[in-house]
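Since the structure comes first, as structure tokens, the remarks are kept for the end.
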Amino acid sequence: MLKLGSAILSLLCVLSMVPALGVAMYLTVTDNIHPLLPMRFSGAEISAINPDIVATINGMGVFATGNEVAFYLLAIIAIWKGLYWRKIWVFWALLLSLSVSVLSKFASGYVDGSHTFGPSIFAAFLLVAGIILCALDLFGKQKN
């Protein structure tokens, strides 16, 4: 069950990392505005924003999504180098950090108006399923 739980948590990390990587690449490679700006402002409002402010928003977007990609890469490494080898502290660290990540994505999507419930529920399901499967294997067997 530990292997299946680790695979599910890895799937959660990959599925969470792909959009962040896409936004980071989009902002880095193209010379466009952050994808969330059109969700909050009209085209006329966006064109009225000072270009320095838009550049700052884009820079913060690259920084934030880069950190998100790095977090999920580290989580995948922790899953397969620590949790898979039955390190209990890695289980608790992943439980805390991935829970905060899933909840903060839900909250930020709700605040900025880009929220859809389907992906958040799916991410929560993957988190709970992966954690339960790992916990059953790690804590279910008592050694005498």
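None of the figures in this text is laboratory data; all of them are computed from the coordinates on show. As the structure is a computational prediction, the values presented were derived from the model and not from experiment. Don't worry about glycine lacking a Cβ; one is built from the backbone with ideal geometry, like all the others, and counts go over all protein chains shown.
Some notes on this structure:
- Neighbour-count order for Ser10, Ser104, fewest beta carbons within 10 angstrom listed first: Ser104, Ser10
- Per residue, the chain reaches -27500 deg cm²/dmol at 222 nm when only DSSP H runs of four or more residues are counted, each adding -39500 (n - 2.57).
- Were the residues from Ala107 through Ala124 laid out at 0.36 nm apart, the gain over their Cα-Cα distance would be 4.8 nm.
- When semi-axes √(5λ) of the Cα gyration tensor in Å is calculated for this entry, the matching label among [x] 21, 20, 15; [y] 28, 15, 14; [z] 37, 15, 10 is [z].
- When the charge dipole of segment 2-140 is built from unit charges on Cβ atoms (+1 for Lys and Arg, -1 for Asp and Glu) and taken about the Cα centre, the candidate among Met25, Pro35, Leu74 whose Cα reaches farthest toward its positive end is Leu74.
- Exposure proxy order (Cβ contacts within 10 Å, fewest to most) of Leu133, Leu9, Leu15: Leu15, Leu133, Leu9
- Counting every other Cβ atom within 10 Å of each residue's Cβ, Phe71, Phe91 order from fewest to most as Phe71, Phe91.
- Summary value for the chain: 46 percent relative contact order, contacts being C-alpha pairs under 8 angstrom separated by 6+ residues.
- Nearest 10 degrees, 0 to 90: helix 88-112 Cα axis against the chain principal axis: 30
- Of Thr56, Leu98, Ala129, farthest towards positive along the dipole that unit charges on Lys, Arg, Asp, Glu beta carbons give the chain: Ala129
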